[in-house]
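Notes follow once the structure below has been shown.
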Amino acid sequence: MNLDDLTRTSGEWLRGTGSESDIVMCSRIRLARNLATYPFTNRASRGDKAEIEREVRTAIARVDPQLHYLDVHVLNPLDRQFLVERQLISRELMTAEGPRGVAIGPEENVSIMVNEEDHLRLQVMHSGLSLHEVWERINQLDDALEESLDFAFHSQLGYLTACPTNVGTGIRVGVMLHLPALVQSREIEKVFRALHKINLAVRGLYGEGTQAFGDFYQISNQQTLGKSEAETIRTINDIIPQVIEYERRARKELLENRRQNLHDQVSRAYGVLKTAHQISSEETMHLLSSVRMGINLGLIDDLEIPTVNELFIHTQPAHLQKIQGRHLEVDDRNVARAQYLRSRLANGRHQAN
């Protein structure tokens with residue numbers, strides 16, 4: 001896999017298809033697994049990590065030859081950040097030390113991280129609200145790998161993991177939502193409080209400890225012990241439609257009560273993105289959020305959602321530098337970002353690659 005080639009494509013989860021895709025960017029499930037015969041990663045020696053990587057890499061190749069394996073520990077820092085921006089590896093894997101890697105599917109909807117916090121982190125994600133389809137895929141992958149690998153498992157506790165909060169099923173079920181109207185109407189904190197009361201976590205675009213740039217929020221379970229995978233998925237599937245309904249209601253109220261102001265906000269955002277000569281990543285995310293909502297509300301008719309989804313990722317620092325083919329300092333990135341946006345938005349209706 002040539003990472004430079006990925007700058008001209010987008011993953012399946014950015015296609016803007018699937019159920020509720022105007023609000024739900026993607027559905028994702030992760031599974032944490034460890035090999036029974038080795039210490040957890042935080043206690044493993046470099047030699048242990050090398051053996052873990054060798055065993056897991058062999059098993060992955062046997063299970064699905066289409067998964068392309070990358071040695072993360074030999075990648076340069078820019079390429080590692082690039083993979084984080086594409087949601088293919090975590091910040092933890094990016095900054096870890098020693099032998100580690102990731103296997104990536106051809107449509108970027110499957111990735112398997114090796115030697116992150118746990119020996120394996122399996123991830124499957126799809127565009128829109130599609131948790132049942134995601135579960136079917138990741139469950140098949142997990143079962144196939146378990147036929148080749150001896151996972152650490154306790155008859156009472158379930159799968160054993162480096163972090164106690166993942167013990168049990170080791171599952172993290174998450175949905176990434178675009179909630180600009182709830183932010184603008186100042187209802188978002190009320191939604192967060194309600195979610196926290198039922199033990200659901202709310203995180204930013206890049207997971208734990210990150211800000212919600214572009215009004216994107218990941219909602220996921222926190223409890224893995226004592227609940228089956230089906231129960232966890234059912235809980236998320238029951239809650240997400242309620243959040244979607246709150247966002248739809250907030251958008252409707254903005255259209256009915258503040259249509260002129262909203263149209264002006266969306267038009268200004270679109271205008272700045274098409275004409276700016278320097279722009280920061282944070283401002284770009286904020287403006288793209290308004291544009292994305294404007295498209296879904298019928299206030300912009302010459303731009304497609306897949307293009308906007310892609311621009312959220314392609315205007316991030318590592319992507320810009322990969323596209324330019326050179327290292328860029330912050331000020332130079334701001335200029336390059338504006339130039340890239342102008343070129344992508346210059347000619348009316350656009351589709352993502």
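Give the separation of the Cα centroids, segment 90-125 to segment 1-71, in Å.
Taking the Cα centre of segment 1-71 as reference, the centre of segment 90-125 is 4 Å away.
Near Lys252, which lysines are there with a Cα under 29 Å away, not counting those fewer than 8 places off in the same chain?
Reachable lysines: Lys190, Lys197, Lys274.
Pop out the ³J(HN,Hα) list for segment 317-331 in order, Karplus 6.51 cos²θ - 1.76 cosθ + 1.60 with θ = phi - 60°, rounded to Hz; leave Gly and Pro as x.
x, 5, 4, 4, 5, 5, 5, 6, x, 7, 6, 10, 6, 4, 4
Cut-off is 10 Å between beta-carbons; in what order do Trp135, Trp13 appear when sorted fewest neighbours first?
Placing the least packed residue first, the sequence is Trp135, Trp13.
Using Cβ counts within 10 Å as a stand-in for footprinting exposure, how do Val202, Val124, Val266 rank, fewest first?
Val202, Val266, Val124
Shape verdict for segment 3-175, please, from the Cα gyration tensor: rounded (a/c under 1.5), prolate (a/b greater than b/c) or oblate.
Oblate, since a/c reaches 1.5 and b/c is not below a/b.
How large is the charge dipole for segment 3-175, taken about the Cα centre, if only the Cβ atoms of Lys, Arg (+1) and Asp, Glu (-1) carry charge, to the nearest 20 debye?
Dipole size: approximately 340 debye.
Quick check: convex hull of the Cα atoms in the chain, volume per residue, rounded to a whole Å³?
126
FYI, it's all coordinate maths here, none of it is from the lab. Small disclaimer: the values here were computed from a predicted structure and weren't measured. Note: ideal-geometry Cβ built from the backbone for every residue, glycine included; neighbour counts use all protein chains shown.
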